[in-house]
Amino acid sequence: MVKLSVIIVNYNVKEYLEQCLLSVRISLKDIKHEIFVIDNCSGDGSARFIKKNFPEVNLIENRINLGFSRANNIALKKAKGEYITLLNPDTIVKEDTFRIIIDAFDELEDAGMIGCKVLNPDGSLQLSCRRSFPAPWISFFRLIGLSRLFPQSKLFGKYNLTYLDPDQVTEVDAISGSFMTIKREVLDKAGYMDEDYFMYGEDLEWCYQIKESGWKIYYYPKTSIVHYKGESSKNSEWSRIRLFYSAMEIFAEKHIHSKRSFTPLWLIKSAIWVRGLVSVIGQFFQKMAIPAVDICFINMSFLAAVYLRFGEFITIPPYGDYRGYLIQLGLATIIMTVSLLFHGVYPSNLFSIARSAAGAVTGSVLIILFAFFSGDIMFSRIVFFTFGLLNLLFLPGWRFMFFSLSKLIARSGLFNIRQEVYRSTGLIIGSDEKSREIYDTFCSNLSHEMEVAGMISVGGDRNALHPPVLGELNEINSIIREHRITDIIFPVESHSYDRIIDTVIRCQPGKVNFKLIPSSLELIIGKSSVIPLVDLPLVDLEYKYLDSSGKISKRLLDLALSSALILISLPVYVIVKLKNRLSIRHKIVFGDRGRPIYVKILMNKGNQYKGKLKFFPLWVQIFKGEFSFVGQSYLTNIDTVPESISLLKPGIIGIDAYESLKNPNLNGRTFELHYLKNYSILYDFKLILRRIFKDSKSGSAINTEVDE
């Protein structure tokens, strides 16, 4: 009998997945097991890599990204283990992690699910590995930041239980989805993960189901893992925020509302989305902060150049008026900012002195050339020549000053300065041949990315303690302080995963990052058929929908109709909703290009509302741009996974509703291609009118029943 089934859902994190599977392979060595990897249509070659390097893994390849809960459920239904562990792909586990967790179930007989201690890449505790259910006041204290200000308070710190000893075994409401182990009998009783969630919230919901089934959930810190949190979604920050707060809204609707809390549901949902708005604004300002500083210095350079040439800031030279003055300032700012962008300063090398200097040189040359060849526009070539020189001084200069000040503050220990502000300093764990090879690689090829202070001996060989070896592993904390280390680097093939995690724990509470280097030395982890076209005539295919004019006209039609319908029906909708106590249920559908969308369905006492305003939530989503009046069909079977990715948004009216398209060759995918090729705004009007008149004659409504 299989003792343990390990399930990993992967999406575009091949490098992390490799290290995860290597650590899992070692940890499962003496346990009868099976491993499932569900690949959610990754585009980084993950599936091919697994087939080649991990043949023992049961690989399941999805056609599209089904999300976390649906993908896990596919494997949960196939798993045969007495215990089942859900594990994130961006984690590494210790050699004894699974054995300790399995033994913990014997120790804690009433346990239905157990999670371990989860560490961040800097060695700190990941707070989400133990938490309470988000009751209104618990969530409120977290949303307004009181839980962060007073983490030791039992009142304010209850969400993440920050007032408890992180090394204490504790019964909790919920644990992190990055590592959760459940008994087979509990799964059979509590059921699978709720597929109403795409990503985020499904682990919290599952814990709720388990607690409701009468089992307990435990945080068990006698073993630990490292979790490089959020790697699967780091390239889509806005989508991540939207999905996270949508999941919070769904959980509130499912459970807080059902308990008939004294706090109104609308107030809870408003608080959730206000907090989401704050997150979006925070992300925006975080991304725009450095460009804003650059623009300030660019404008200061322009004003200084004008003052040096004319002796005044404001008085306009005799060559133009205020409008011309502002146009020239705007052009100069745009040219310089775009130059910095093309030199890679934005968004990933914000504090690079070399790149900002190169961008300033290129921008200055372009501005000076523009001034010389556009004398009728520019009021003074001398101003723009001086402007270029000042930018060359200011743009790299403020970074150098900030860099120096940051290092000074970091040395003093008064404040924790974010490590990306200044150049990283690395420390390689190991002094063997592989470690020295990595050290030489950094010194010769990667010195511009990171300065490596040296290596650490792990074998206790005192003869190895000569430069660049700085000391032994038990001296690591003093070496970190002395050399101001920001990054600890592990050559994976030289160390066990136990040693890696133990080193992470040992370095607490130091603010250092931990990075892995696979054996290939090619990267650092912090984180059909072919048809030859010869002799074939090539014909351009024109799809009118894909033209800008087609997309704009369709969007304008959706905006106009949805705005009119919302304004006309809003008062009636509010009255009907309050009178019948209607609620909103969320279901996941797959929109254009396969992106997940939460469709809002109006519910009445557990059943789908059948009244004339049943489409009101969809009209709002059409106004927001998530849906369209005419698009891909989805409502007749809302849980169906599409056979292929569509370029169209989901529509209340499917494109296959046009009765005149009765050509037998037009079915399935062919409908979409026909629509894309022949689209016009009149096409949508015909489909809408045909549907309206058909329904009015038959007295029936469009079938939007939710399949269960």
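Numbers at a glance
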{"read-out": "Check on GLY324, exposed (fewer than 15 other Cβ atoms within 10 Å of the Cβ) and at pLDDT below 70", "value": "no"}
{"read-out": "Residue count, segment 51-69 (criterion: farther than 23 Å from TYR83 by Cβ and surrounded by 22 or more Cβ atoms within 10 Å (Cβ to Cβ))", "value": "3"}
{"read-out": "Hits in segment 144-160 (condition: surrounded by fewer than 21 Cβ atoms within 10 Å (Cβ to Cβ) and among the hydrophobic types (A, V, I, L, M, F, W, C))", "value": "ILE144, LEU146, LEU149, PHE150, LEU155"}
{"read-out": "Check on LEU164, closer than 25 Å to THR503 by Cα, surrounded by fewer than 23 Cβ atoms within 10 Å (Cβ to Cβ) and within 20 Å of the chain's Cα centre (by Cα)", "value": "no"}
{"read-out": "Number of the condition not met by ARG25 [criteria: (1) modelled with pLDDT of 90 or more; (2) in contact with a strand residue (DSSP E or B) (Cβ under 7 Å, 6 or more places away or on another chain)]", "value": "(2)"}
{"read-out": "Breaking point among (1) crowded, with 19+ Cβ neighbours inside 10 Å; (2) of a type outside the set (D, E, K, R); (3) farther than 20 Å from TYR208 by Cα, for GLY112", "value": "(3)"}
{"read-out": "Verdict on SER246 being more than 23 Å from ILE92 (Cα to Cα), outside the structural domain of CYS20 (by TED's automatic domain parsing) and modelled with pLDDT of 75 or more", "value": "yes"}
{"read-out": "Test: residue in segment 132-143 that is within 28 Å of GLU82 (Cα to Cα) and crowded, with 16+ Cβ neighbours inside 10 Å", "value": "yes"}
{"read-out": "Filter result for the condition that a residue is crowded, with 22+ Cβ neighbours inside 10 Å and acidic (Asp, Glu), over ASP39, ASP44, ASP122, ASP103", "value": "ASP39"}
{"read-out": "Which listed residue is modelled with pLDDT under 85 and assigned to a helix (DSSP H, G or I), from VAL274, VAL293", "value": "VAL274"}
{"read-out": "Segment 175-193, subset buried (at least 20 other Cβ atoms within 10 Å of the Cβ) and of a type outside the set (A, V, I, L, M), residue nearest to SER128 (Cα to Cα)", "value": "SER176"}
{"read-out": "Count - residues of segment 74-92 that are crowded, with 19+ Cβ neighbours inside 10 Å and not hydrophobic (A, V, I, L, M, F, W, C)", "value": "7"}
{"read-out": "Filter result for ASN120 (on the phi < 0 side of the Ramachandran plot and within 23 Å of the chain's Cα centre (by Cα))", "value": "yes"}
{"read-out": "Segments classed as helices (runs of 4 or more DSSP H), wholly inside segment 346-461, with at least 3 members that are within 21 Å of VAL512 (Cα to Cα), outside the structural domain of CYS507 (by TED's automatic domain parsing) and at pLDDT below 80", "value": "381-412"}
{"read-out": "All positions within segment 671-686 that are assigned to a helix (DSSP H, G or I) and not hydrophobic (A, V, I, L, M, F, W, C)", "value": "GLU672, HIS674, TYR675, LYS677, ASN678, TYR683, ASP684, LYS686"}
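The values are calculated or read from the model by the stated rules, or taken from the named source; none is laboratory data. Please read all numbers here as calculations on a predicted model, not as lab measurements. Cβ atoms come from the backbone with ideal geometry, glycine included; neighbour counts cover every protein chain shown.
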